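What follows is one structure encoded as structure tokens, with my remarks underneath.
The values are calculated or read from the model by the stated rules, or taken from the named source; none is laboratory data. This one's a predicted model, so the numbers in the text were calculated from it and none came from an experiment. Cβ: placed from backbone, ideal geometry, glycine included. Neighbour counts: every protein chain shown.
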């Protein structure tokens, strides 16, 4: 019980850091800070809260893994379209909508991972996580290696106070996303894959003995 409460508290604390702490305003000056906010909501706060409520959360409606995958992936891609990306930086209400959508998408995305009993086949979960890395890594690589600043508000942003040019800030944001998503998705994918591979190897060995 104490362990679950600690996980829930950590998830709520992470959410507070993103939306209400003194460092929350940095996303208007640094794309890297903006990216960190998104990742904290999706890959830290959301799964921690789900883990903290795992034994007490009983949903009558179990969303299909394909819907959960699309919710997480489409949310990330949609909010990084330049015209859409710039809205929260200009209109405060859109900032609230953006944060809410990332958090809800994170809850949906991680639900099949944490409550994996309703996934149809053993190989569904590793494949689910592996495929989720592809669009995020593609976006991250584009930001990291693009030769120009993609988002106009950061062209004149005060990222220089950290010694970063706008292009360096963008490359750092892309690299941070690339590393974080790869680790956050592939580590649980490998953890889910390990028993499947060991089970297959055991079955092969038993078949060879017989």
Legend entry - So residue 78, is it in contact (Cβ under 8 Å) with a residue 24 or more places away in the chain and in contact with a helix residue (DSSP H, G or I) (Cβ under 9 Å, 6 or more places away or on another chain): no
Legend entry - Close pairs from region 170-193: first surrounded by fewer than 17 Cβ atoms within 10 Å (Cβ to Cβ), partner at pLDDT below 90, Cβ under 8 Å, at least 6 apart: 190/126
Inset, instruction - State which residue pairs qualify: first residue at negative phi and inside region 5-31, second residue not in a helix (DSSP H, G or I) in any location, beta carbons under 6 Å apart, and separation of 6 or more residues or different chains. - result: 29/157; 29/158
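Looking at the structure I just gave you, is residue 160 under 27 Å from residue 32 (Cβ atoms), touching a helix residue (DSSP H, G or I) at 6+ places or on another chain (Cβ under 9 Å), assigned to a helix (DSSP H, G or I) and modelled with pLDDT of 95 or more?
Working: under 27 Å from residue 32 (Cβ atoms): yes; touching a helix residue (DSSP H, G or I) at 6+ places or on another chain (Cβ under 9 Å): yes; assigned to a helix (DSSP H, G or I): yes; modelled with pLDDT of 95 or more: no.
For residue 160, the condition - under 27 Å from residue 32 (Cβ atoms), touching a helix residue (DSSP H, G or I) at 6+ places or on another chain (Cβ under 9 Å), assigned to a helix (DSSP H, G or I) and modelled with pLDDT of 95 or more - is not met.
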